[in-house]
Amino acid sequence: MSASISASTRPTLYTAPLSMFGMKVEIALREKGVDFERVSVPYSGENGYAPKHPVVLEANPKRQVPVLVHGELQLFDSSQIFEYLEDRWPLPNLWPGDISARALARQLELMADEVYFSQIIKLMGVQEAIEGRYAQEAIAISRAYYVQIEKRLCDKLFLAGDYCFADIAFFMAQIFGERMGAALTDETPRVAEWRTRMAARTTVRETLHPMIDFLDLNERFVPAFIRP
Ligand SMILES: N[C@@H](CCC(=O)N[C@@H](CS)C(=O)NCC(=O)O)C(=O)O
């Protein structure tokens with residue numbers, strides 16, 4: 001089916017201005033120097049992701065972005081797409097070479113999306129009751145996660161040693177954590193330094209640009225550390 005696809009075939013990324021999962025993929029495409037087309041699907045504060053883009057409906061039974069179309073191949077789920085990017089465009093490597101380090105990096109990537117970010121999703125639904133017990137519990141769990149990452153960064157610049165997909169995932173999730181009330185505190189200075197290093201990358205700055213514009217246009221909070 002995909003025999004005609006090559007690394008030089010231009011992929012198309014279906015994403016949205018506030019899609020943290022879409023931005024994960026976009027940063028990784030840029031890191032790998034892939035020339036891609038970016039399609040922003042309909043999204044608004046009032047209606048959410050509606051109407052659904054026809055390509056998203058065709059490609060993803062979960063009806064979500066990001067979707068990556070490469071030749072005849074249609075892929076969904078940011079972490080699955082990471083695997084494809086690494087296979088199709090191996091350099092620069094965004095997973096560690098060592099098998100154990102790679103397994104650990106994949107765990108960290110999953111933790112960012114499914115353990116840490118699940119607390120941030122809780123906060124999204126309770127912004128009006130941020131002082132309440134439910135929100136405060138999510139904030140406390142998020143801060144405990146920052147402390148874990150702080151320990152991990154005691155002898156490294158990036159989460160798994162060299163910069164990798166796990167850094168991209170946690171960075172994107174933490175931006176939303178910051179926006180939703182689970183801000184970093186003085187307790188985790190290394191995480192703050194890591195975040196500054198991440199925000200300074202050209203690939204990250206280029207990717208965040210449409211989100212910052214969207215938030216500014218809609219008079220919504222933009223954390224200072226992502227401002228150019
Ligand atoms: N696990 C998926 C999550 C994708 C996801 O939650 N996408 C959101 C936008 S960031 C979405 O499309 N939401 C619309 C919906 O669920 O209808 C991934 O990593 O791609």
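The values are calculated or read from the model by the stated rules, or taken from the named source; none is laboratory data. Note that the coordinates shown come from a computational prediction; the quantities given were computed from them, not determined experimentally. Here Cβ is always computed from backbone atoms with ideal geometry, including for glycine, and neighbour counts include all displayed protein chains. Just so you know, the surface numbers come from the protein's heavy atoms only, side chains and all, with ligands and any DNA or RNA stripped out. Shrake-Rupley method; radii C 1.70, N 1.55, O 1.52, S 1.80 Å.
Given the stretch 61-135, what helices (runs of 4 or more DSSP H) lie entirely inside it while holding 1 or more residues that are more than 18 Å from the chain's Cα centre (by Cα)?
Answer list for the stretch 61-135: 78-88, 99-110.
Can you say whether F76 is more than 12 Å from the ligand (Cβ to nearest atom), in contact with a helix residue (DSSP H, G or I) (Cβ under 7 Å, 6 or more places away or on another chain) and either at negative phi or open to solvent by 20 Å² or more (accessible area, probe 1.4 Å) (or both), as far as the supplied structure shows?
No; evaluated as a whole, the condition is false for this residue.
Restricting the first residue to the stretch 36-63 and requiring it to be within 25 Å of R88 (Cα to Cα), which pairs with a second residue that is assigned to a loop (DSSP other than H, G, I, E, B) and away from the ligand (no atom under 13 Å from the Cβ) meet a Cβ separation below 6 Å and a spacing of at least six or different chains?
Listed by first residue and then by second, the contacts come to F36/P11.
Suppose the filter is in contact (Cβ under 8 Å) with a residue 60 or more places away in the chain and surrounded by fewer than 17 Cβ atoms within 10 Å (Cβ to Cβ); does I27 pass it?
So I27 fails the test.
Among the candidates Q127, Q107, Q119, which residue alone is open to solvent by 30 Å² or more (accessible area, probe 1.4 Å), within 26 Å of L153 (Cα to Cα) and in the same structural domain as Q174 (by TED's automatic domain parsing)?
Q107
Let me spell it out: the conditions are (1) away from the ligand (no atom under 12 Å from the Cβ); (2) among the charged types (D, E, K, R); (3) not in a loop (DSSP other than H, G, I, E, B), and D35 meets all of them except one. Which number is the exception?
Checking D35 against (1) away from the ligand (no atom under 12 Å from the Cβ); (2) among the charged types (D, E, K, R); (3) not in a loop (DSSP other than H, G, I, E, B), the one that fails is (3).
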